[in-house]
């Protein structure tokens, strides 16, 4: 997959839905996620995520597949390659403020935490398929 609309970012934040799509072959975004993963690797794009995201990944994969697969993915993420940020109380408060401003009842608190961390890191692009990010002014890697 080559960039269509703009320059590739030097770093991206990764959301749980992207990792779940990579792991679950029956996920509707599986093919896109594989192409984007290759793009990130080929261009050595720095990858960030949060402890909240890892928790969500573990939960969703254990529900959709197995605890064993979820544990394997968790170990892989903790072994390196992805810089993990641990959410502080002040960051959670900022995320709560952002969460309370969302119009959709389908908003996820983890997404708001991600946005707070992205702002802190000055990362404007996320590897996700969730439209809540674009509605809040962030870029989806899939749309670059």
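The values are calculated or read from the model by the stated rules, or taken from the named source; none is laboratory data. Nothing here was measured: the structure is a model prediction, and the numbers come from that model. Using ideal geometry, Cβ is built from the backbone for each residue, glycine included, and neighbour counts are taken over all protein chains shown.
Restricting the search to segment 84-108, which residues are at pLDDT 95 or above and either within 23 Å of residue 37 (Cα to Cα) or within 15 Å of the chain's Cα centre (by Cα) (or both)? Hits for segment 84-108 are 84, 85, 86, 87. Selection of segment 112-140 for residues being surrounded by 21 or more Cβ atoms within 10 Å (Cβ to Cβ), assigned to a strand (DSSP E or B) and out of contact with any helix residue (DSSP H, G or I) (no Cβ under 6 Å at 6 or more places or on another chain) yields an empty set.
Within segment 64-77, which residues are surrounded by 11 or more Cβ atoms within 10 Å (Cβ to Cβ) and not in a loop (DSSP other than H, G, I, E, B)?
So the first thing to find is which residues in segment 64-77 are surrounded by 11 or more Cβ atoms within 10 Å (Cβ to Cβ), and the list is 64-67, 69-74, 76-77.
64, 67, 69, 70, 71, 72, 73, 74, 76, 77, listed by residue number.
Selection over segment 27-44 of residues that are outside any helix (DSSP H, G or I), more than 14 Å from the chain's Cα centre (by Cα) and under 25 Å from residue 9 (Cα atoms) gives a count of 3. Please go through segment 93-111 and pick out each residue that is surrounded by 15 or more Cβ atoms within 10 Å (Cβ to Cβ) and assigned to a loop (DSSP other than H, G, I, E, B). Once the filter is applied, which keeps residues that are surrounded by 15 or more Cβ atoms within 10 Å (Cβ to Cβ) and assigned to a loop (DSSP other than H, G, I, E, B), segment 93-111 yields 102, 107, 108. Can you find a residue in segment 14-26 that is part of a strand (DSSP E or B), at pLDDT 95 or above, surrounded by 14 or more Cβ atoms within 10 Å (Cβ to Cβ) and touching a strand residue (DSSP E or B) at 6+ places or on another chain (Cβ under 9 Å)? Within segment 14-26, one or more residues are part of a strand (DSSP E or B), at pLDDT 95 or above, surrounded by 14 or more Cβ atoms within 10 Å (Cβ to Cβ) and touching a strand residue (DSSP E or B) at 6+ places or on another chain (Cβ under 9 Å).
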